[in-house]
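Colleague: Once you've had a glance at the structure underneath, I'll fire off some questions.
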Amino acid sequence: MALAAEISKNLKSLIQEFEKALDQASSLQEAEEARVDFLGRKGRLAVIMSQLPLLSPEDKPLIGRLANEVKDSLNQILNDKIRNIQHKAQEERLAVFDPSMPGRTPDTGTVHPVTRVINDICAIFVRLGFDIVTGPEVETDFYNFEALNLPPGHPARDMQDTLYISESIVLRTHTSPLQVRTMLKRQPPVAAIAPGKVYRRDSDLTHTPMFHQIEGFLVDTQVSMADLRGTLTAFAHEIFDPGVKVRFRPSFFPFTEPSAEVDISCVMCKGGGVSSDGGPCRVCKETGWVEILGCGMIDPAVFQKVGYDPEKYTGFAFGLGVERVSMLKYGIGDLRMFFENDLRFLSQFV
Amino acid sequence: MLLSLSWLKEFTPYKGSVQELAHRLTMVGLEVEEIKRPFAHLSSIVVGHVLESKAHPDADKLSLCRVDIGSGEALPIICGAPNVAAGQKVAVAQVGTELPGGLIIKEARIRGQASQGMICSETELELGTDSSGIMVLNQDFAIGASLTQALELEEYVLDIGVTPNRPDCLSVAGLARETAALFDLPLAMPSLKLEEDQSVSCPEQVKIVIDDPAGCPLYQARLISGCKVAPSPANIRYRLMAVGIRPINNIVDITNYILMELGQPLHSFDRDLLKGSMIRVARARNGMTFKTLDDQTRNLDENDLLIWDELNPVALAGVMGGADTEIHQQSRNVLLECAVFDPLTIRKTARRLGLNSESSFRFERGVDQAGSRFALDRAAELMGSFSGGRVAAGLSLAEPRPYRTRILNFRPQKANALLALNVDEEYCRKNLTLLGCRVKKAEHGFEVEPPSYRPDLEREVDLFEEIGRIYGLDRIPEHLPRVKKALGQKPLDNRFAFTSKIKQWAAGLGLNEVINYSFVGMADLDLLEIDRENRVKVFNPLSEEQDVLRTDLLPGMLQTLRHNLGHGNTRLRVFEVANSFFSDSTSETGVKETDRLAIMLYGLRHREQWPLLDQELDFSDIKGLVENLVTIYAGNRARFKDLGKHAYLSPAVLCVYDNLNIGILGRVRPEMSRAYKARKEVWFADINLDRLETIHDSRQISFEPLPRFPVVKRDMTVTAPLNLKYDQLVDVVYESGLSILEDMTLVDVYFPQEGQEKKMTVRLTFRHPEKTLKDKEVDKVHQNLADSILKKLPVKFS
Ligand SMILES: [Zn+2]
């Protein structure tokens, strides 16, 4: 009896003593030392347990159960302690963690603002069902001029100062040859958009000898000026801003009849003609309007060149300068920046 | 075209604002680019009254004046002009005024006397050429009034961009016609009060012979005799100045005046310098020379049209008069030419000789043959009255090709369909009539006869345009069309989609897209020792720096590099997608265009930022990008071959896929990149996108089932001489034909003894498709592989 009572007492006191020992422990290492001391193979619990065989058969199950309960408690206490220590360590790590340190970031690549605008515009027209077509930058006089109702000697050839390769071969002055090339390949209905580089013999503050255009056209039966107006107005609203005003001014292009130039209300001064600093708006020269593209109903003479029946088919076409749209859209003041390729410029178009 | 508002009002009583007029003209296709105030710079000059003028006590040539400018106390002004006198009305620039020449008037003391302003001469105000003394004004002018108001110079001038199809609008009269039609105003042409001197007969004095009726459908002339050449009246001069024409004398000014007013170019000859009594219109002979009135000797050819007297050429038809027969200060008798020339002939000559004048500009676009007689008569009348000359009776005339009217059919319903309008026949009839057409009812609509001054109205569709223009294109309804397409329809072109993907790939890998000009200079290509064969030269380049189409994208890339280095951007990772151009006689244009991708890397591998490593670039950087590109777009790995010698790369490496050369990559030879200010290595790759696209398009992905059994990996380290290529090892390993070898990866390279040998560690991955490999089996295979490597390569295992 005395032995059972003693063992029982010793077992019970182990719990408090273990708690005390663990209180001193501040690291996993020290907790482990306490564990070895109490729960190890030769630890204090084991020493007490080694006395169990000496007990009477009646006491044995009772004390055995108690010993197991004590062992469970000790393990429980140990686990709590370990978790506690781990938690504390984590807290400490978190306290010095600095999320504002730079990441291992790959370089930020960009596409050129011209490409961005071309992509934006093409996406709009592709959604409307237009095909995207491309063509040669060196063109024959036929595709660049003659098939577009610009016979040799036509004064309208002066509207585009041309860079020649030879007498009959030019660097295309516009993307309009793609109208002809596409119509020769496909019968109506046909709707296509043609982005690309074009060239003019012109270089000053507002002209570069190479720039980008997008040509678009639609030919079908019963296409009218209303379709042209609807399409281009929707386009301007989408590419700039739904609040932008659009106006159509009659103009002249040999390959369209009637022809128009399209202006939008100035994106800088919102059409008021006064810039934010109170001075005259330079973008629209105080008119409140900026020209963005030329367009019109395709001239019957062009249809004749490609073998479409002008009594049966009508169509519209438009051509816009990509740099111009890009300048308005992003507020770029100097055209020449587009071809200097300064990284400080390029990296802004992410 | 510069349009003076006051001049316009002589033709039609427009009462609205200049802004309203500008807006309406713009909206009918006559774009007003600017509203100018040509004399605005004189707005602070005032009319003064010289109260007193006495000699300066200490300077011989100066006068001390007191000038009343209507603002209380009279101003003391010292004047150096000999003609200043008390009682005159004069033009006064007050202190603070800036004169047209840039001089700012300041308060001054000249030899002890104060001066608070300046009495101006014509020259100082840029109102004329008389600098002999001050400008003496009309006595009626009010003291203190603004000079521009007093001289009626408060003028507006509209700068109008007239499109090439509207020669009629290159004149005040034409623009007045449009204005009258737009605002429903009457139009009044100037009335003719030509009095002829019956004692002289022009046709008897001068006979016209036209040898080339196609080049000159009409030639007419009048003779004005007894003229006295002098400056034109001030109102004529000011009006010409307002529209940018320098006044010369009362003969030349009238030809310019009528040109601007009626759009008809005229030319005046000194009759007494013309030989004989005949004017002949005929082509030049090849190799002839002719001295134009700007004293330049021009080389002519048989396409140039000339005006001849009985002996010599006297004018380059429609382009410029001759130096030998021009009007001079002593000219007395004037032969005034008014002709119509073939647009194409004039255009060719003007272009070839670089002689673009107001006159050739109008002839090229077409002048109004039927209206030319009126212009001649009005010019003769004005010339006679301003120069005191008498207009001889009759006119010399030859008109081998009289103007013929055109009749166009006009179907209103067709106009409505094209313009999406719903206007009635009466609307069409009224507006076409307002525009000067004669309109007659016909079966399906109208028969329309356009006026002689509208050469652009040639077809029915041109009339539709007129209806749309007048109705207002901006008022046409809007409708969104539906594009009819069939699912089976293949896209016309895939190129755009492919290059877009490539650009997105490159941007995604941190490269910045650049766009360089398609042309470079011959010297740029030569510097890089690029092949001179098959270059495409620009026939009329803007400069030597842009005289050839690029056969290679590197020159543009290096220019980009130079620009950036010059602006402190020392790290570049850029790409460009663009064409290269080679001459190729099999192509429709004689030029073969190939889409290319160029990549250029320069500077540190990473940005200078923790935790990125501070490392210089090497070949692995550029190669890695190309490998990634080919793997993604071709589907498999490319092979890379040392190319040995190359124009501008060293090393130069060829990228090969399926025996097709896809591109080259390497380091730009430092002596070349140094010319572009590069101090570090420039790594460059040039990929043929045409070829890559072909491979891409034919590519098919086929799925392979995932392996069911585990891999065994073994590392193998070989010690090799420095010149042994990794590919040699790869080839030996793969040639061994081991079916269970799945992959081989280089995991480490190091150099235990600098400059002698290298150690390469490769990791071999083994897998059997149908069972789990045992260590023993792998050991055996590995050993065999090692043996065969030892046999074939000068390596050892360590
Ligand atoms: Zn603005």
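Values quoted throughout were computed directly from the atomic coordinates according to the rules given, and no laboratory measurement underlies them. The structure displayed is predicted, hence computed values, not measured ones. FYI the Cβ positions are ideal-geometry reconstructions off the backbone, even for glycines, and counts take in every protein chain you see.
Colleague: Longest span of chain A, sites excluded, free of GluC sites (Glu not before Pro) in DSSP loop with at most 12 other C-beta atoms within 10 Å?
Modeller: A:168-310
Colleague: Then there is this: Mind checking which lysines have their C-alpha under 20 Å from B:LYS291, skipping anything on the same chain fewer than 8 residues away?
Modeller: In chain and number order, the partners are B:LYS275, B:LYS348.
Colleague: Considering segment B:138-252, what Rg and Dmax in Å follow from its alpha-carbon atoms?
Modeller: That works out to 19.9, 62 Å for Rg and Dmax.
Colleague: I would also like to ask the following. Where a ≥ b ≥ c are the square roots of the eigenvalues of the C-alpha gyration tensor, would you call segment B:251-410 rounded, which needs a/c under 1.5, or, failing that, prolate if a/b is larger than b/c, or oblate?
Modeller: Oblate is the answer for segment B:251-410, as a/c is 1.5 or above yet b/c matches or exceeds a/b.
Colleague: Right, here's the next one. Which links in A:LYS245/B:LYS485; B:LYS414/B:LYS440; A:LYS197/A:LYS329 stretch past 26 Å when you go from one Cα to the other?
Modeller: Violating the 26 Å Cα-Cα cut-off are A:LYS245/B:LYS485.
Colleague: Would you mind getting the Kirkwood hydrodynamic radius of segment B:472-587 from its Cα pairs, rounded to one decimal in Å?
Modeller: About 18.0 Å for segment B:472-587.
Colleague: Compute the Cα gyration tensor for segment B:495-698, then decide on rounded, prolate or oblate, letting a ≥ b ≥ c be the square roots of its eigenvalues: rounded whenever a/c is under 1.5, prolate when a/b is larger than b/c in the other cases, and oblate in all that remain.
Modeller: oblate
Colleague: Sticking with this structure for a sec: Where does each of B:359-371, B:634-646, B:6-18 land if you order them by average Cβ count within 10 Å, highest first?
Modeller: Going by the mean number of other Cβ atoms within 10 Å, highest first, we get B:359-371, B:6-18, B:634-646.
Colleague: A follow-up question, please. Could you work out [θ]222 nm for chain B from helices alone, using -39500 (n - 2.57) per DSSP H run of at least four and dividing by all its residues? Round to the nearest 500 deg cm²/dmol.
Modeller: Helices in chain B give a 222 nm mean residue ellipticity of -8000 deg cm²/dmol.
Colleague: Still on this structure, please answer the following. Sorted by packing (mean other beta-carbon atoms within 10 Å per residue), highest first, where do B:164-176, A:35-47 land?
Modeller: Top to bottom by mean Cβ count within 10 Å: B:164-176, A:35-47.
Colleague: Given contacts defined as C-alpha pairs under 8 Å and at least six residues apart, what's the relative contact order of chain B, whole-number percent?
Modeller: 8 percent
Colleague: Ignore the peptide's own chain and count Cβ atoms of other chains within 10 Å of each Cβ in A:336-344; give me the average, rounded.
Modeller: Other-chain Cβ atoms within 10 Å of each residue's Cβ, averaged: 6.
Colleague: What lysines could a cross-link reach from B:LYS9, if we take a straight Cα to Cα line under 28 Å and drop same-chain neighbours fewer than 8 places away?
Modeller: Hits, sequence-local ones excluded: A:LYS285, B:LYS36, B:LYS193, B:LYS430.
Colleague: Okay, moving on. Using only the Cα atoms of segment B:712-797, what are the Rg and Dmax in Å?
Modeller: Both quantities, over Cα of segment B:712-797: 13.3, 46 Å.
Colleague: If you don't mind, another one. Give, rounded to the nearest 20 debye, the magnitude of the charge dipole that segment B:85-174 has about its Cα centre when Lys and Arg contribute +1 at Cβ and Asp and Glu contribute -1 at Cβ.
Modeller: With Lys and Arg at +1 and Asp and Glu at -1, about 440 debye.
Colleague: Using the scaling law 2.2 N^0.38 Å as the reference, what is the normalised Cα Rg of segment B:40-150?
Modeller: The value comes to 0.97.
Colleague: Per-residue Cβ counts within 10 Å, from other chains only, averaged over B:688-699: what number is that?
Modeller: Per residue, the average neighbour count from other chains is 0.
Colleague: Tally Lys/Arg at +1 and Asp/Glu at -1 over every other residue whose Cβ is under 13 Å from the Cβ of B:GLY101; what's the total?
Modeller: Here the count lands on -4.
Colleague: Report, in degrees rounded to the nearest 10, the 0 to 90 angle that the Cα long axis of helix B:252-262 makes with the longest principal axis of chain B.
Modeller: Result, in degrees: 70.
Colleague: Let me ask something else. Tell me the angle of helix B:172-183 to the major Cα principal axis of chain B, expressed in degrees between 0 and 90 and rounded to the nearest ten.
Modeller: Between helix and principal axis, roughly 80 degrees.
Colleague: Set Lys and Arg Cβ to +1 and Asp and Glu Cβ to -1, take the dipole of chain B about its Cα centre, and tell me which of B:LEU194, B:LEU473, B:PRO402 lies farthest positive.
Modeller: B:LEU473
Colleague: Explain nothing, just the number: dipole magnitude of segment A:45-197 about its Cα centre with +1 on each Lys and Arg Cβ and -1 on each Asp and Glu Cβ, in debye rounded to the nearest 20.
Modeller: Value, rounded to 20: 400 debye.
Colleague: Per residue, what volume in Å³ does the Cα convex hull of the protein assembly as shown take up?
Modeller: 330 Å³
Colleague: While we're on this one: Provide the per-residue ³J(HN,Hα) series for segment B:22-29, in order, calculated from phi with Karplus coefficients 6.51, -1.76, 1.60 and θ = phi - 60°, each as a whole number of Hz, with x at glycine and proline positions.
Modeller: 4, 5, 5, 4, 4, 7, 10, x
Colleague: Right, another one. For chain B, max minus min Cα coordinate along each principal axis, in Å, sorted largest first?
Modeller: 129, 88, 58 Å, listed from the longest principal axis down.
Colleague: May I pose another question? Against the globular-protein guess of 2.2 N^0.38 Å, express the Cα radius of gyration of segment A:113-346 as a ratio, rounded to two decimals.
Modeller: Normalised by 2.2 N^0.38 Å, the Cα Rg of segment A:113-346 equals 1.01.
Colleague: How large are Rg and Dmax for segment A:214-350 when calculated on the C-alpha trace, in angstrom?
Modeller: Spelled out, the Cα radius of gyration and Dmax of segment A:214-350 are 17.5, 55 Å.
Colleague: Separate question: Can you sort B:THR26, B:THR297 by how many other beta carbons sit within 10 Å, fewest first?
Modeller: B:THR297, B:THR26
Colleague: Relative to the longest principal axis of the C-alpha atoms of chain B, give the angle of the C-alpha long axis of helix B:495-508, reported between 0 and 90° and rounded to the nearest 10°.
Modeller: 70 degrees
Colleague: Another question about this same structure. Relative contact order for chain A: what is it in percent, counting Cα pairs under 8 Å that are at least 6 residues apart?
Modeller: 15 percent
Colleague: Please work out whether segment B:638-773 counts as rounded, prolate or oblate from its C-alpha gyration tensor, where a ≥ b ≥ c are the square roots of the eigenvalues and a/c under 1.5 means rounded, while otherwise a/b larger than b/c means prolate and anything else oblate?
Modeller: Oblate is the answer for segment B:638-773, as a/c is 1.5 or above yet b/c matches or exceeds a/b.
Colleague: Peptides A:275-283, B:375-383, B:402-410: what's the order by average Cβ count within 10 Å, highest mean first?
Modeller: Averaged packing, sorted descending, gives the order B:375-383, B:402-410, A:275-283.
Colleague: Right, another one. Between A:LEU218, A:GLY273, B:GLN615, whose Cα lies farthest towards the positive end of the dipole of the protein assembly as shown when Lys and Arg beta carbons carry +1 and Asp and Glu beta carbons carry -1, centred on the Cα centre?
Modeller: So the residue furthest toward the plus end is B:GLN615.
Colleague: Shifting gears a bit: For the protein assembly as shown, what proportion of DSSP beta bridges, expressed in % and rounded to the nearest 5, is antiparallel?
Modeller: 95 percent
Colleague: Moving to a separate point now. For segment B:72-141, which trypsin sites (Lys or Arg not before Pro) are both in a DSSP coil and crowded by at most 13 other Cβ atoms within 10 Å?
Modeller: Passing sites in segment B:72-141 are B:LYS106, B:ARG111.
Colleague: Oh, and also: With a cap of 12 neighbouring Cβ atoms within 10 Å, and only residues DSSP puts in a loop, list the trypsin sites (Lys or Arg not before Pro) found in segment B:741-792.
Modeller: B:LYS771, B:LYS774
Colleague: Take the cross-link list B:LYS776/B:LYS796; B:LYS592/B:LYS725; A:LYS20/A:LYS71; B:LYS623/B:LYS677; A:LYS9/A:LYS81 and give me the ones stretching past 26 Å between alpha-carbons.
Modeller: B:LYS592/B:LYS725
Colleague: While we're looking at this one, here's another question. No solvent, one uniform scatterer per C-alpha: report log10 I(q)/I(0) for segment A:32-76 via the Debye equation at q = 0.20, 0.30, 0.31 1/Å, two decimals.
Modeller: The Debye formula, applied to the Cα set alone, gives -0.63, -1.06, -1.09.
Colleague: Other chains near A:109-118: what is the mean number of their Cβ atoms within 10 Å of each residue's Cβ?
Modeller: 6
Colleague: Between B:ALA74, B:THR123, B:LEU2, whose Cα lies farthest towards the positive end of the dipole of segment B:1-148 when Lys and Arg beta carbons carry +1 and Asp and Glu beta carbons carry -1, centred on the Cα centre?
Modeller: Of B:ALA74, B:THR123, B:LEU2, it is B:ALA74.
Colleague: Shifting gears a bit: Can you put B:ILE224, B:ILE258 in order of Cβ neighbours within 10 angstrom, beginning with the fewest?
Modeller: B:ILE258, B:ILE224
Colleague: Cα to Cα, under 22 Å, and not fewer than 8 places away if on the same chain: which lysines meet these conditions relative to B:LYS774?
Modeller: Output for B:LYS774: B:LYS713.
Colleague: Could I ask something else about it? To the nearest 20 debye, what charge dipole does segment B:196-398 have about its Cα centre, counting +1 at the Cβ of each Lys and Arg and -1 at the Cβ of each Asp and Glu?
Modeller: 320 debye
Colleague: How do B:TYR427, B:TYR676, B:TYR750, B:TYR648 line up, fewest other C-beta atoms within 10 Å first?
Modeller: B:TYR750, B:TYR427, B:TYR676, B:TYR648
Colleague: Using a Gaussian network model on chain A with a 10 Å cutoff between Cα atoms, which of A:PRO152, A:PRO250, A:PRO61 fluctuates the most?
Modeller: Taking springs between Cα atoms under 10 Å, the residue moving most is A:PRO61.
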